[in-house]
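Structure first, commentary second.
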Amino acid sequence: YSRNKKMHQLMCIFGTGDLGRSLGQRLLQSGYRVVYGSRRPNTCGPLPLGAQAMTHAAAAQSASLIFVCVHREHYEFLETMRNQLQGKVLVDLSNNPKKGMYPEANAIYLQRLVPRAAVVKGFNTLSAWALQNGLLAGKQVYLCGDNAEAKRAVAETATKLGLAVLDKGSLSAAGELEDFPLRLFSEWKIPLCVAVGLTAFFYFYLLIRDVIYAYVENGRNISYRIMMSLGNKVFPIVSLIMLALCYLPGVIAAFLQLYRGTKYSRFPNWLDRWMLCRKQMGLVALGFAFLHAVYTFVNPIRYNVRYNQIVETKNNEITPFDNTEAWGADSFFVLGILGFFLYVLLGLTSLPSVGGSLSWREFSFVQSKLGYLTLFICTAHGYIYGWNKFLKTSTYKWYTPPGYMLCLIVPSVVLVLKLLLLLPCVDRSLTRIRQGWERTKPKEVMGATNL
C-alpha cells in the first residue's frame, strides 16, 4: 500500500458531489494532487482548481488511496472493478439517513464487494461545509479497518489535513462510526428532560401561588408578572437544583462504596448513566444561572418598577433606613455574584481546550472542591433570600411553601451528606477503599496448591 512517494501524493475521489468536491479542495490545499472518478467525467460539473476528472477505472489505476464519497445504494459499480481495486485502500465516507436501515455496516458491505481491497471507515463525521471552510483544526476523526498499514496511510493523510485521529479498531466498529453523525443530543437527553420537567413544574407552581392566588384572594390582576417575574424565580430554582444533581450521584456512589466495602462492585445502571451526564447537567445549570443574571440586570428598567418609583417620589414616601435589611441585601447580592463567577469558572474548565491544559489534580480541585464551594455559596444565596420569611404564615399561600424553599431541599441534602463524608473516620475509610482495600477478602480458589 506504499508503492512510492509519488503515488501517495496523488489522491483519488469517487464522487463529485458536495462532499467529494469539498474534500478534494482541502486535499489540494494540503499539497496533494487530486483526481476524480466519475461516470461522466466530461459533464460532472465544476471541480476544484487543479483537479482532473476521468473514468472510475482510470482514476483507480492512478492512485493507491481512494476516497469513496458515494451513497451505499450506488456501490454496485465497485463490484465490477474488483481487478482495478486490488491492493487499493478504500476510505468509506458514507452515512445513512437513519439507524438500522441495513443489516450490516456500509463499510463491511463494501469490503465484501471488493475483498481484495483494504477498506477503512473514516472521515464520515466531517461535513462538506467544515471541509470547504477549513474548520478542521482540532477536529477528531475516527478510523477503523482490518488492515493496519491501510489505516496508517489514511491516518497520515488525516493528520496532514489538520485532523486529530482516533483509531477505533477493526472494521467491525464501522457500525458505531456510522451512527455518530445520527446522534441527536444523546448525552444531553437526561439533563434536558430534567431541566424541562423542573422548569414546567416550578413555573406552574409559582403561577398558581403568585398570580392566580392574588386574583382569587385579593382580586388583583398581576398577570404582567408572567413574562419576567416568574421567569426570574424559576431560572435560579432550576439552576440550583441542577447544580446539586451534578454532585448528588458522586455522594451516592461514595456511600455505596462504604456500604459494600469495595470499589470493584459495579454501580447500578441508573447511577452510571447519571454520573456520565454530570458535565451536561452542569452546563445546563450554568445556562439557567446566566438567564437569571440577565433577568436580574434588566429588572430595574421594567415598567412596573419605574412606575412604583415614580409613585413613591410623588407621595414623598420615605422609608427609615434598616441596617439589618441592608446587611441582608448586600450579603444576598455578594453571594449571588461570587456564585455566578464560580459557575462560569466551572463551565470554562469543562471545555476540552481548557481542561486539557490542566493537570488531573488541578482539574479535580476545580470541578470537585470549587464545585462544592459553588453549591454552598449558591445555597447560602437562597437561604439569605428568605432568611426572615421562613416563619411567617403569609409566606405559605394556600398552605404551600414558596419555590425557593423547595429548591433548597436537594442542595441542602447534598451538602449535609458531603459533610458526613468529610468526617475524618469516614474519609479515611473511603480513601482506603478507593485505593483498592476491601472489607472482605475474596475466598481462595478451591484446589490451589500450597507452595
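Return the total of residues in the range 408-419 being assigned to a helix (DSSP H, G or I) and either among the small types (G, A, S) or surrounded by 13 or more Cβ atoms within 10 Å (Cβ to Cβ) (or both). Lay out the reasoning, then the answer.
Pass one, the range 408-419, residues assigned to a helix (DSSP H, G or I): 409-419.
Then drop every residue that is not either among the small types (G, A, S) or surrounded by 13 or more Cβ atoms within 10 Å (Cβ to Cβ) (or both), which leaves 410-415, 417-418.
The qualifying residues number 8.
Can you find a residue that is among the aliphatic types (A, V, I, L, M) and crowded, with 22+ Cβ neighbours inside 10 Å anywhere in the range 44-61?
Yes, the range 44-61 contains a residue that is among the aliphatic types (A, V, I, L, M) and crowded, with 22+ Cβ neighbours inside 10 Å.
How many residues, within the range 375-389, are in contact (Cβ under 8 Å) with a residue 40 or more places away in the chain and either among the hydrophobic types (A, V, I, L, M, F, W, C) or over 16 Å from L417 (Cα atoms) (or both)? Can you show your working first?
Narrowing the range 375-389 to residues in contact (Cβ under 8 Å) with a residue 40 or more places away in the chain: 375, 377-382, 384-385, 387-388.
Then keep just the ones that are either among the hydrophobic types (A, V, I, L, M, F, W, C) or over 16 Å from L417 (Cα atoms) (or both); that gives 375, 377-378, 380-382, 384-385, 387-388.
Number satisfying all stated conditions: 10.
Do any strands (runs of 3 or more DSSP E) lying entirely in the range 12-114 carry at least 1 residues that are closer than 21 Å to S172 by Cα and over 30 Å from the mean Cα position of the chain (by Cα), and which ones are they?
65-68, 89-92
With respect to the numbered conditions (1) buried (at least 18 other Cβ atoms within 10 Å of the Cβ); (2) in contact with a Ser or Thr (Cβ under 8 Å, 6 or more places away or on another chain), which one is the sole condition not fulfilled by L143?
All conditions are met except number (2).
So which of A214, A244 is surrounded by 19 or more Cβ atoms within 10 Å (Cβ to Cβ) and in the same structural domain as F341 (by TED's automatic domain parsing)?
Result of the check over A214, A244: A244.
Filter the range 254-268 down to the residues that are of a type outside the set (K, R) and on the phi < 0 side of the Ramachandran plot and list them by number.
A254, F255, L256, Q257, L258, Y259, T262, Y264, S265, F267, P268
Say we look at the range 174-216 and pick out the residues that are among the basic types (K, R) and out of contact with any Lys or Arg (no Cβ under 9 Å at 6 or more places or on another chain); which of these is nearest to L90 (Cα to Cα)?
Residue satisfying both the conditions and the ranking: R183.
Being closer than 25 Å to S22 by Cα and without any contact (Cβ under 8 Å) to a residue 24 or more places away in the chain: is that true of T159 here? Step through it out loud before you land on a result.
Details: closer than 25 Å to S22 by Cα: yes; without any contact (Cβ under 8 Å) to a residue 24 or more places away in the chain: yes.
Spelling it out, T159 is indeed closer than 25 Å to S22 by Cα and without any contact (Cβ under 8 Å) to a residue 24 or more places away in the chain.
When you check L370 against the structure, is it in contact (Cβ under 8 Å) with a residue 24 or more places away in the chain, more than 24 Å from R209 (Cα to Cα), assigned by TED's automatic domain parsing to the domain that holds A214 and surrounded by fewer than 17 Cβ atoms within 10 Å (Cβ to Cβ), yes or no?
Yes; evaluated as a whole, the condition is true for this residue.
When you look at E149, is it touching a residue at least 40 places away in the same chain (Cβ under 8 Å), more than 20 Å from the chain's Cα centre (by Cα) and farther than 22 Å from I13 by Cβ, yes or no?
For E149, the condition - touching a residue at least 40 places away in the same chain (Cβ under 8 Å), more than 20 Å from the chain's Cα centre (by Cα) and farther than 22 Å from I13 by Cβ - is not met.
Keeping to the range 181-211, report how many residues are surrounded by 15 or more Cβ atoms within 10 Å (Cβ to Cβ) and among the β-branched types (V, I, T).
4
Considering only the range 9-39, state which residues are modelled with pLDDT under 90 and of a type in the set (A, V, I, L, M).
Answer for the range 9-39, where residues must be modelled with pLDDT under 90 and of a type in the set (A, V, I, L, M): there is none.
Which of the residues spanning the range 231-260 are of a type in the set (V, I, T) and over 15 Å from C407 (Cβ atoms)?
Passing the criteria: V251, I252.
The values are calculated or read from the model by the stated rules, or taken from the named source; none is laboratory data. Just so it is clear, the model here is predicted, and its values are computed rather than measured. Reconstructed Cβ throughout: ideal geometry from the backbone, glycine too, with neighbour counts over all protein chains shown.
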